[in-house]
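Notes follow the structure.
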Amino acid sequence: MFKKLAGLYLFLICINITNAQPSAPQINTDKKVIISGKVIDKDNKLPLEYASIAFFSKSENKIVDGGITDAKGEFSIPVKNGTYDIQIEYISYKKFTLKNQVLTKSKNLGTIELEIDLGTLETVEIIAERTTVEIKLDKKIYNIGKDLTTAGGTVSDALNNVPSVAVDVEGSISLRGNENVRILINGKPSAMAGFGDTNILSQLPAEAIERVEVITSPSARYDAEGTAGILNIILRQKETLGFNGSLNLTLGNPDNAGISANLNYRTEKFNLFSNLGFRYFNAPRNSYSDTNYFDRIVNGSIRTPEFEKIIESEEVTRLNRNYNASLGMEYFLSDKTSVTGTLFYRYGEDADLSLNNSNRFNNNALEERTLRSEKQDEAGDNYQLALNYITKFNDDGHELTADFQYENGSEEQITSINEDYLETNQANPIPFQRENILQTEKDNEYLFQTDYILPLGKDSRFEAGYRGNFSNKITNYTLNQEDLNSGNFFVNDTISNVFDYTQNVNAIYTQYGTKFGEFSFLLGLRLENTELNGKIDSKLTNEALENAFGFPIDTEFKNNYLGLFPTLNLIYNLGSSDDVEESITLGYNRRVNRPRSWYINPFPSRSSRTNVFQGNPNLEPAFASAFDLGYLKRWGKFTLTTSIYYQHETGSFERIQENTGFQTTDGIDIIRTIPVNLSSNNRTGTELGMLYNPANWLRLNSSFNFFQFEKKGFFNDIDYGVKNTSWFARFSSKVSLPSNIDWQTNANYIGASEDAQTRNKGIFSLDLAFSKELFNNNATISLNIRDVFNSRKRKNLTTTEFFESYSESQWRQRQVNISFMYRFNQQKNKYERDREQNNGDDMEFEG
């Protein structure tokens with residue numbers, strides 16, 4: 001099964017051997033000779049690429065040179081004259097040793113046949129495939145492994161299987177139930193994360209993920225943004241010498257077709273890596289709402305709503321075409337210094353058609369029925385250029401890194417809205433205005449970062465750095481409405497606007513970490529200066545804007561604030577051995593939640609005539625302090641992780657629904673959703689995770705998260721305080737069947753929750769997947785069904801003093817995918833990666 005696995009990692013030079021060896025004869029060691037040969041499989045006589053050859057010097061009592069075989073299994077290695085033990089190794093094969101070889105001239109060792117070591121195969125398979133958890137001072141690392149349920153899926157699908165993380169039916173990502181989570185790609189903000197819009201993660205292939213770092217107590221190296229914490233998505237970057245890669249094909253229903261390729265080429269001097277992908281998919285969604293309107297008091301008198309009840313049902317067809325490509329090269333200036341350049345590009349086209357049936361009642365009798373159609377075409381692209389420089393002054397961790405990143409994105413959205421009466425009791429109803437909306441967005445972002453790490457002795461480290469993040473977003477919104485008299489369209493100047501939003505963040509940090517005995521700590525301090533500038537270009541005056549939107553608005557505003565963010569992370573190892581590992585961690589950090597541009601822009605959206613979203617330019621940043629106490633125990637085949645956490649947030653954001661006081665032309669109240677700063681938000685919770693591999697053919701993984709939150713605050717003299725508990729849990733099992741077939745089951749449940757105005761029901765979903773290895777384990781074919789019971793639906797009840805509304809929405813229906821992946825020359829890289837991760841030191845100060 002493992003005949004095609006690539007060889008063991010290159011032997012490091014100067015490994016000390018403690019056992020004394022006999023003295024070697026004196027030989028002239030100034031001259032070098034060439035030692036060559038060929039390594040093949042003893043059974044099938046096929047060449048073994050990346051087999052390692054090591055030369056153990058009898059005089060120096062250590063390994064002094066070595067190399068690996070090429071694609072033909074051949075090697076040619078220059079070594080000094082001397083007497084050596086020559087060791088030839090290859091993963092899952094028995095070691096072959098030529099003892100006491102006196103090398104005074106060039107020599108061909110001929111063909112060396114290696115024999116499979118059957119006793120190692122089972123162990124290698126377990127290491128290569130299991131999902132592992134690593135606990136560091138400031139993060140938990142989840143090595144994804146072979147997650148069959150996400151084959152042919154997206155990054156969002158993969159994140160939904162990571163403990164502590166939940167992705168709701170609308171694609172919103174939360175960490176421990178808190179949606180204010182910071183998404184990083186390879187440790188930095190990225191165009192691949194869509195300039196803060198996590199929806200783009202539902203368009204990138206899951207196969208691109210190497211691992212996910214869940215950082216609930218970020219160190220001072222990280223940006224202080226994100227009160228919930230940070231999700232750092234590490235993308236795959238092959239490091240195998242030579243040419244290697246993979247090709248992935250996907251077909252699914254509803255329509256889902258994709259192709260992606262990872263191609264990589266590495267030499268001793270440079271490493272080329274690339275990822276290319278195309279995906280076409282139809283993601284239909286649907287929603288339903290039943291709203292009852294109440295009488296309300298206006299200017300001292302009771303106003304009865306035009307309709308007592310409105311029932312709406314919406315069907316949306318969403319066709320998406322996405323292209324993405326990345327190309328990068330790492331060039332090694334020396335053994336200690338390298339420069340890496342990466343270019344990422346994405347282009348997408350969406351075509352959505354929404355049909356909304358609205359039924360309006362009085363006294364339980366149908367009085368009016370309309371059909372609203374909304375056609376939306378969207379096209380956009382973004383690209384990112386990244387440069388990284390790293391120099392290692394020695395092998396002890398003394399290093400300097402510098403990063404530059406530029407991102408540019410643009411998007412154009414054209415929307416046509418039309419509504420017609422299907423049935424009405426009105427004698428001469430006023431027709432609805434047709435609307436055409438043109439919205440363009442342009443994003444620019446620059447990132448400058450440098451980090452310096454200085455080891456202080458064997459177990460201590462000092463670190464300092466700077467990061468500057470400068471972003472600008474311009475939104476141009478034009479609303480054209482029909483003149484009912486002439487049928488012509490005119491620009492609505494009260495809604496059309498240009499919103500120019502700039503956010504600049506400058507930060508410096510320092511941190512110190514040390515380890516003494518079984519105790520380690522990392523103490524850091526980060527200073528950030530944030531400048532938020534907004535400019536609204538509109539035909540309306542400030543007074544007109546205030547009258548229209550109900551609160552004071554400055555058409556040009558500036559906010560500048562300085563923040564100090566301390567961090568502390570502790571870990572105490574209770575004990576470790578070959579079979580047992582046990583530790584306790586404690587973390588504290590202060591974080592900030594900065595309002596995004598769409599939370600600031602006061603001009604309302606037009607996705608619905610009766611329900612609009614409106615930003616609030618008066619939003620202030622929210623600040624949070626968080627504490628986390630964790631425990632890990634790993635013994636034998638069982639791993640337990642658990643933690644208790646508490647977070648106190650001031651000025652937290654809350655989306656409030658209220659009556660605007662305006663009505664549509666047919667007399668329906670217009671309800672707006674607006675974000676505001678509530679006074680405080682306290683969140684307390686606990687989480688539990690378990691990994692159990694009782695047998696080689698069975699792997700079990702489960703996690704549970706329970707939390708309570710309490711919000712306090714008033715807005716417009718209304719108390720929006722609420723106290724509630726919620727929870728979510730997941731369970732995953734993987735069974736290895738005969739004939740190289742794997743069966744995986746994932747079950748997820750998000751418990752009921754409640755905020756200031758809305759109660760959400762629980763959501764259960766089940767995913768199934770099967771896979772089979774083909775072509776001598778170089779290919780995999782997978783079948784997966786996501787949301788088997790088609791049950792991932794948001795159901796909630798919203799109650800205000802003006803209305804009560806029950807709604808259901810399904811962002812994506814049940815999906816069935818079949819995926820085929822072919823790999824070449826990748827086995828060795830997978831083994832090396834898993835070996836390095838399993839042998840990693842728990843003492844890690846890296847941010």
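The values are calculated or read from the model by the stated rules, or taken from the named source; none is laboratory data. Not measured: the values here are computed from a predicted model. FYI the Cβ positions are ideal-geometry reconstructions off the backbone, even for glycines, and counts take in every protein chain you see.
When restricted to residues that are small (Gly, Ala, Ser) and surrounded by fewer than 18 Cβ atoms within 10 Å (Cβ to Cβ), the range 318-333 contains 1. Restricting attention to the range 555-581, the residues that are closer than 30 Å to Ile495 by Cα and in contact (Cβ under 8 Å) with a residue 40 or more places away in the chain add up to 2. The residue that is farthest from Val816 (Cα to Cα), among those in the range 278-307 that are crowded, with 18+ Cβ neighbours inside 10 Å and over 44 Å from the mean Cα position of the chain (by Cα), is Pro305. Could you say which residue among Glu349, Glu315 is modelled with pLDDT of 90 or more, within 30 Å of Ala257 (Cβ to Cβ) and exposed (fewer than 15 other Cβ atoms within 10 Å of the Cβ)? Answer to the check: Glu315.
Looking only at the range 436-443, decide whether some residue is at pLDDT 90 or above, within 33 Å of the chain's Cα centre (by Cα) and farther than 24 Å from Leu353 by Cβ. Yes: the range 436-443 contains one or more residues that are at pLDDT 90 or above, within 33 Å of the chain's Cα centre (by Cα) and farther than 24 Å from Leu353 by Cβ.
Looking across the range 457-478 at every residue that is in contact (Cβ under 8 Å) with a residue 60 or more places away in the chain and either surrounded by fewer than 21 Cβ atoms within 10 Å (Cβ to Cβ) or over 23 Å from Glu528 (Cα atoms) (or both), the one that is nearest to the chain's Cα centre (by Cα) is identified as Ser471.
Count of the range 675-694 residues, restricted to those that are modelled with pLDDT of 85 or more and either surrounded by fewer than 18 Cβ atoms within 10 Å (Cβ to Cβ) or over 24 Å from Ile750 (Cβ atoms) (or both), is 10. The conditions of being modelled with pLDDT under 90 and more than 18 Å from Val498 (Cα to Cα) are not met by Asn616. If the condition is being over 30 Å from Asn611 (Cα atoms), out of contact with any Asp or Glu (no Cβ under 6 Å at 6 or more places or on another chain) and polar (S, T, N, Q), then the range 266-302 contributes Thr267, Ser274, Asn275. Inside the range 711-743, residues that are in a strand (DSSP E or B) and either hydrophobic (A, V, I, L, M, F, W, C) or closer than 30 Å to Glu658 by Cβ (or both) make up a count of 19. Within the range 753-791, how many residues are modelled with pLDDT of 90 or more and in a loop (DSSP other than H, G, I, E, B)? Adding up the residues that qualify gives 7.
Pick out the one residue from Asp767, Asp717, Asp755 that is over 28 Å from the mean Cα position of the chain (by Cα) and in the same structural domain as Asn682 (by TED's automatic domain parsing). Exactly one residue qualifies, and that residue is Asp717.
If you filter the range 633-666 down to residues that are polar (S, T, N, Q) and not in a strand (DSSP E or B), you find that the one that is surrounded by the fewest Cβ atoms within 10 Å (Cβ to Cβ) is Thr665. Once the range 769-780 is narrowed to residues that are among the aliphatic types (A, V, I, L, M) and surrounded by fewer than 17 Cβ atoms within 10 Å (Cβ to Cβ), the residue that is farthest from Asn286 (Cα to Cα) is Leu774.
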